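Quick notes on the structure that follows.
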Amino acid sequence: MKKILFFMVLAVVSQIVSAQQQTDAATERKIDKIIEQLTLKEKVSMCHAQSKFSSPGVPRLGIPEIWMSDGPHGVRGEINWDNWGYAGWTNDSITAFPALTALAASFNPELAYEYGFALGEEARYRKKEILLGPGVNIYRTPMNGRNFEYMGEDPYLASKMVVPYIKGVQKNGVAACVKHYALNNQEKWRGHINVKVDDRTLHEIYLPAFKAAVQEGDVWALMGAYNKYDGQHATTNKVLMNDILKGDWGFDGVVVSDWGSAHDTDESALNGLDIEMGSWTNGLTASRDFAYDEYYLANAFYNKLKSGEIDESVVDDKVRRILRLMFRTNMNPERPMGRMNNKEHHDIARKVAAEGIVLLKNEDNFFPIDPEKGITIAVIGENATKQMTIGGGSSELKAQYEISPLKGIQNRFTNATILHSMGYASGPSTYGRVVPSTLNQDSLHQAAVETARKADIVLFIGGLNKNHHQDCEGGDRLSFNLPYNQNKLLQDVTEANPNTGVILVSGNAVAMPWLKDIKGLMQAWYLGSDAGYALADVISGDVNPSGKLPFSFPVKLDDNAAHHFGELSYPGDSTNQYYKEGILVGYRWHDTKNIKPLFPFGYGLSYTTFEYRDLTTDQKSYTQTDKITLTFSLKNTGNTGGAEVAQLYVSDPKSSVMRPAKELKGFKKVFLQAGESTKVSITVPVNSFAFYSEEEQNWVVEPGKFNLLVNSSSADNQLSQIITVNQ
Ligand code: BGC
């Protein structure tokens with residue numbers, strides 16, 4: 001089969017031009033003028049931190065400081081100047097937006113824009129130049145403690161959701177900072193593990209969302225990751241930073257280190273790092289005058305520049321990027337003012353939360369539960385009341401308020417009698433260590449089973465939480481099972497009352513040995529300020545669930561590709577790890593290897609039903625530069641309004657290289673009233689069918705037949721059509 005080569009050079013040149021269009025020539029000339037006036041010391045000072053979350057300006061010339069804040073789903077509380085303690089401000093409580101797994105599960109890019117815009121407004125109000133998010137590391141293993149901060153297992157979905165998020169944030173004159181570039185797909189040994197991954201996998205799975213952030217989202221900042229790639233730390237990695245990010249992709253923004261991810265002056269200077277943050281030095285405990293001077297991009301860098309060992313053009317490029325970011329943010333006189341904690345933000349948080357909830361099981365129409373009924377509902381499980389904006393590491397928030405699931409249910413089900421029993425207790429969310437609860441677990445367990453017995457309906461609200469070794473930065477999960485003896489508790493609760501539904505609060509898949517014993521199941525994520533209201537919206541049927549899973553739920557851990565290949569694949573031998581599954585991540589693995597997941601990627605039920613019919617394509621055969629437009633009709637065949645996410649997968653049955661059984665290439669979320677039908681069109685460029693050829697070091701589409709699959713989940717095909725791609 002003859003290969004069609006895409007001329008990357010051409011593509012790259014046009015992308016660089018478009019990135020540069022943002023910053024007009026006049027600004028570049030202003031930057032030239034400023035650089036001329038800066039002393040070498042001043043230039044170097046701009047390239048490293050002056051406090052935990054800021055880098056210095058140049059007061060002599062009125063150049064402002066840069067202030068940064070975590071994080072991906074809300075603006076974090078103010079941190080002390082020189083250590084990780086909270087500063088104790090009284091004006092930094094914010095709106096907590098749902099974590100990014102929830103946003104991804106909405107499959108709604110317009111909502112991602114609204115989310116980004118609202119979050120950006122809060123960051124602006126809090127006077128931040130850089131918001132340290134979003135995170136788009138790919139969900140490779142359910143053990144990764146930080147999956148909840150990311151957008152799932154599929155590079156196409158993550159790309160489509162991250163671009164509008166970035167545009168929304170940056171509309172406020174606040175830089176988004178996409179992170180953690182790249183391959184930081186586990187927390188265990190994150191500071192030093194060397195990821196061995198083939199080029200095809202790197203380009204097809206782990207880089208696309210970053211590439212989209214840069215080339216389509218025009219992101220102004222990017223954070224390097226802690227881990228190593230190809231034997232070199234990712235943050236100062238020549239291939240990742242110079243060759244790919246700043247070379248091939250034409251990134252014109254600022255590379256910020258992760259906090260403490262720079263390790264060497266030459267590498268930091270020469271391999272693309274622009275602002276070094278969070279290195280080991282700490283001005284207080286190190287008892288030095290200004291320990292930030294000892295950063296790799298501080299005095300050591302200055303000395304090398306002064307002696308001529310490193311050319312001054314190296315620091316000039318960093319300063320140019322930093323000033324460009326300033327002209328886009330705090331040196332932009334047109335910058336809007338921002339808002340915080342306003343009703344619109346709360347409404348968006350609630351909308352994303354409700355749209356992100358995924359209904360996974362609904363035997364005998366367990367959900368929705370009619371709020372008019374005077375029934376007794378037992379709400380069981382610690383996650384009914386545990387605060388989930390607290391903990392989890394750097395994404396933890398100081399929310400102005402957080403509505404718990406219990407409160408949301410009590411508020412909506414006023415006709416019902418609500419009983420509540422914790423069932424288990426996890427202890428406080430303490431970073432880096434587990435502090436067990438001192439409550440008597442047996443008593444909690446017993447009391448919960450007794451409570452279940454007394455009710456008409458049980459809502460078990462459990463799952464993971466933001467404690468160490470759960471959904472939390474700095475460590476991975478230790479077990480695929482639910483923690484805190486919840487499997488046993490669920491067994492006993494369902495025996496006491498089979499009319500049980502589970503609401504799983506987590507950012508990760510878990511084992512579900514109890515699935516057959518429960519009637520209903522909702523995947524609820526970390527839903528932010530209005531968590532309880534949003535949950536009650538969906539439980540009551542005020543909102544019809546329309547979320548779809550952004551990652552596969554395997555039956556058992558070994559069914560996940562990374563785990564299938566044993567310890568060298570995950571977590572590695574502490575020095576190296578090998579991504580042995582290559583491109584077969586998530587549903588690509590399950591489908592290609594015929595390993596049935598418990599719940600597939602893209603899956604999610606509704607309180608209504610949809611019918612797909614009459615797929616047509618605008619042509620039957622295409623060239624590699626064409627776009628394909630598919631059209632089909634979608635009907636809401638149930639009794640209630642609702643939304644369906646129609647998903648387009650493409651499969652290449654005959655190829656010179658192994659290809660996954662199918663890959664997501666398009667989707668559309670469509671809202672339909674009961675009985676309503678509509679024509680849905682999805683347009684997809686033929687060149688998105690390309691694979692990354694290691695031989696050509698480039699993207700290649702092979703002519704031939706492709707099967708277009710219109711699905712309601714990765715595992716549920718509704719319509720299909722074969723088309724031909726010609727040379
Ligand atoms: C995390 C980043 C975060 C930074 C600042 C690091 O430990 O990996 O995601 O932005 O800390 O808090």
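Sort D243, D92 so the one with the fewest other Cβ atoms within 10 Å of its own Cβ comes first.
Working: D243 14, D92 19.
With the sparsest Cβ surroundings first, the list reads D243, D92.
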Distance between segment 148-179 and segment 296-336 - C-alpha centres, whole angstrom:
25
For segment 450-496, the spread of Cα positions along each principal axis, largest first, Å
41, 15, 12
If you average the C-alpha positions of segment 560-592 and of segment 410-428 separately, how far apart do those two centres end up, in angstrom?
39
Can you give me the long-range amide H partners of G463? Hydrogens built in the peptide plane at 1.01 Å from N, cutoff under 5 Å, separation of 5 or more residues or another chain.
V505
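Rounded to two decimals, what ratio of Rg to Rh does segment 676-720 give with C-alpha atoms and a Kirkwood Rh?
Working: Rg = 14.6 Å, Rh = 13.2 Å.
When Rh is taken as the Kirkwood radius, the ratio is 1.11.
Where Rh is the Kirkwood radius over the Cα pairs of segment 589-698, the temperature 37 °C and the viscosity 0.692 mPa s, what D in µm²/s does Stokes-Einstein return?
Details: Rh = 16.1 Å.
The calculation lands on 203 µm²/s.
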Kirkwood-based Rg/Rh on the Cα set of segment 500-541 evaluates to 0.99
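What net charge do the residues around M388 carry, taking every other residue with its C-beta under 10 Å from that of M388, with Lys and Arg at +1 and Asp and Glu at -1? If you can, show how the numbers build up before the last one.
Working: positive: K386, K466; negative: E396, E402, D471.
Cβ neighbours under 10 Å give a net charge of -1.
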Suppose every K and R has +1 on its Cβ and every D and E has -1 on its Cβ; what is the size of the dipole of the chain about the Cα centre, in Debye to the nearest 20?
700
Net charge dipole size for segment 132-179 [Lys, Arg +1 and Asp, Glu -1 on Cβ; Debye, nearest 20]:
160
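Hey, fewest Cβ within 10 Å first, where do Y139, Y533 land in order?
Values: Y139 29, Y533 22.
Ranked by crowding around the Cβ, least crowded first: Y533, Y139.
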Could you give the length gained by full extension between E28 and L478, i.e. 0.36 nm per residue of separation minus their alpha carbon distance, to one decimal place?
156.9 nm
Mean projection of the alpha-carbon convex hull of segment 105-150 over all orientations, in nm²?
4.0
Can you give the three extents of the C-alpha atoms in the chain along their principal axes, from longest to shortest, in whole Å?
78, 65, 50
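Work the Kirkwood hydrodynamic radius out for segment 312-442: mean of 1/r over every pair of different alpha-carbon atoms, inverted, in Å.
Numbers: mean 1/r = 0.0506 Å⁻¹.
This gives a value of 19.8 Å.
Taking the mean number of other Cβ atoms within 10 Å as a proxy for protection, how do you rank 56-69, 492-505 from highest to lowest?
Working: 56-69: 17.4, 492-505: 21.4.
Order by mean packing, descending: 492-505, 56-69.
Rg(Cα) of segment 511-617 divided by 2.2 N^0.38 Å? Please list the in-between numbers first.
Details: Rg = 17.9 Å, N = 107, 2.2 N^0.38 = 13.0 Å.
This ratio for segment 511-617 stands at 1.38.
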Grab the Cα-Cα distance for S313 and Y401, subtract it from 0.36 nm times how many residues apart they are, and report the gain in nm with one decimal.
26.8 nm
Take the alpha carbon atoms of segment 86-163, find their radius of gyration, then divide it by 2.2 N^0.38 Å using N residues; give the quotient.
1.20
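Can you put Y156, Y526, Y603 in order, fewest other beta carbons within 10 Å first? Can you show the working numbers first?
Numbers: Y156 19, Y526 32, Y603 24.
Taking fewest neighbouring Cβ atoms as first place, the list is Y156, Y603, Y526.
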Relative to the first principal axis of the alpha-carbon coordinates of the chain, what is the inclination of helix 8-22, with its axis defined by its Cα atoms, in degrees from 0 to 90 and to the nearest 10?
80
Amide H to amide H, which residues 5 or more places from M223 or on other chains are under 5 Å from it, using H placed in the peptide plane?
V178, K179, Y181, V256
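How large is the Kirkwood hydrodynamic radius of segment 284-353, counting all unique pairs of alpha carbons, in Å?
Values: mean 1/r = 0.0610 Å⁻¹.
When all Cα pairs of segment 284-353 are included, the Kirkwood radius is 16.4 Å.
Rule-based calculations on the coordinates, nothing more; no lab input. The structure presented is a predicted model; accordingly, all values stated were derived computationally and were not measured. FYI the Cβ positions are ideal-geometry reconstructions off the backbone, even for glycines, and counts take in every protein chain you see.
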